[in-house]
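Worksheet: the structure to be examined is printed underneath.
The values are calculated or read from the model by the stated rules, or taken from the named source; none is laboratory data. These figures come from a predicted structure and were not determined experimentally. With ideal geometry, Cβ positions are generated from the backbone for all residues, glycine too; neighbour counts draw on all protein chains shown. With ligands, DNA and RNA removed, areas are computed over all heavy atoms of the protein, side chains included. Shrake-Rupley method; radii C 1.70, N 1.55, O 1.52, S 1.80 Å.
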Amino acid sequence: MKKYVAEFFGTFWLVLGGCGSAVLAAAFPEVGIGLHGVSLAFGLTVLTMAFAIGHISGCHLNPAVSIGLWAGGRFPARDLVPYIVAQVIGGIVAGGVLYLIATGKAGFDVGAGFASNGYGEHSPGGYSLGAALITEVVMTMMFLVVILGATDKRAPQGFAPIAIGLCLTLIHLISIPVTNTSVNPARSTGVAVFVGDWAVGQLWLFWVAPIVGALLGAVVYRFISSED
């Protein structure tokens with residue numbers, strides 16, 4: 001049970017830290033952190049939690065990562081559902097806390113986005129469904145390659161959290177303009193449920209694409225890391 005609770009709090013921190021930076025600080029007058037700051041915030045949430053709970057739960061914080069690790073032979077199937085449930089609940093609770101904070105400012109409009117992921121007219125840069133799909137699949141695939149490689153027993157020990165956190169930062173730097181960056185169904189769900197409407201209607205993509213990408217990443221890494 002402790003590892004499931006760890007996943008809950010880890011995902012809570014990822015959504016609160018990453019989406020919170022986007023909602024509260026990205027465009028703050030005069031000292032807004034912008035795209036670069038939001039990208040770094042997401043990376044820092046993973047880096048800090050990897051050190052904090054990596055030895056307890058593995059610090060997945062992401063249903064796609066859990067599925068990818070299972071496909072990569074690093075995670076037992078029996079833990080998949082409990083991990084995913086804990087991650088999604090953690091994301092939604094974080095979204096709720098962020099909603100309570102954000103609505104404390106007069107004139108706040110949750111319908112404006114609330115850091116939700118989207119495509120078409122709801123893409124930050126107006127990118128199409130096809131572009132969003134490719135982006136989420138490829139970014140999640142590369143994320144899994146880095147995760148599996150950095151945590152391989154043959155890799156330098158103790159540096160995995162840094163590599164994984166920086167990888168997530170880079171992913172956000174690339175893909176925020178396209179989809180607002182998901183690569184994580186729990187992160188997408190955690191804020192979409194408070195926006196409702198279009199955010200929930202487009203949520204399917206941010207479950208399907210990251211999972212497909214994670215499975216591809218597992219296949220790629222198993223191939224390139226084979227000692228045959």
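A few notes on this one:
- Scanning segment 1-23 for residues that are within 14 Å of GLY96 (Cα to Cα), among the aromatic types (Phe, Trp, Tyr) and touching a Ser or Thr at 6+ places or on another chain (Cβ under 8 Å) returns a single hit, TRP13.
- Any chance GLU136 is acidic (Asp, Glu), part of a helix (DSSP H, G or I) and in contact with a helix residue (DSSP H, G or I) (Cβ under 7 Å, 6 or more places away or on another chain): yes
- A single entry from PHE159, PHE75 fulfils the requirement of being over 24 Å from LEU16 (Cα atoms), free of Cβ contacts under 8 Å to residues at least 40 places away in the same chain and in contact with a Leu (Cβ under 8 Å, 6 or more places away or on another chain): PHE75.
- Candidates in segment 102-137 are the residues that are at positive phi and open to solvent by 40 Å² or more (accessible area, probe 1.4 Å); of these, the one that is modelled with the highest pLDDT is GLY126.
- Residues of segment 33-53 satisfying the condition of being open to solvent by less than 40 Å² (accessible area, probe 1.4 Å) and of a type outside the set (A, V, I, L, M): GLY34, GLY37, SER39, PHE42, GLY43, THR45
- Check on LEU98, over 14 Å from PRO185 (Cα atoms) and open to solvent by 20 Å² or more (accessible area, probe 1.4 Å): no
- Test: residue in segment 109-128 that is within 16 Å of PHE42 (Cβ to Cβ) and of a type in the set (Val, Ile, Thr): no
- Residue in segment 36-43 that is farther than 17 Å from PHE143 by Cα and either among the charged types (D, E, K, R) or in contact (Cβ under 8 Å) with a residue 40 or more places away in the chain (or both) present: yes
- Selection over segment 54-84 of residues that are touching a Phe, Trp or Tyr at 6+ places or on another chain (Cβ under 9 Å), of a type in the set (A, V, I, L, M) and open to solvent by 20 Å² or more (accessible area, probe 1.4 Å) gives a count of 3.
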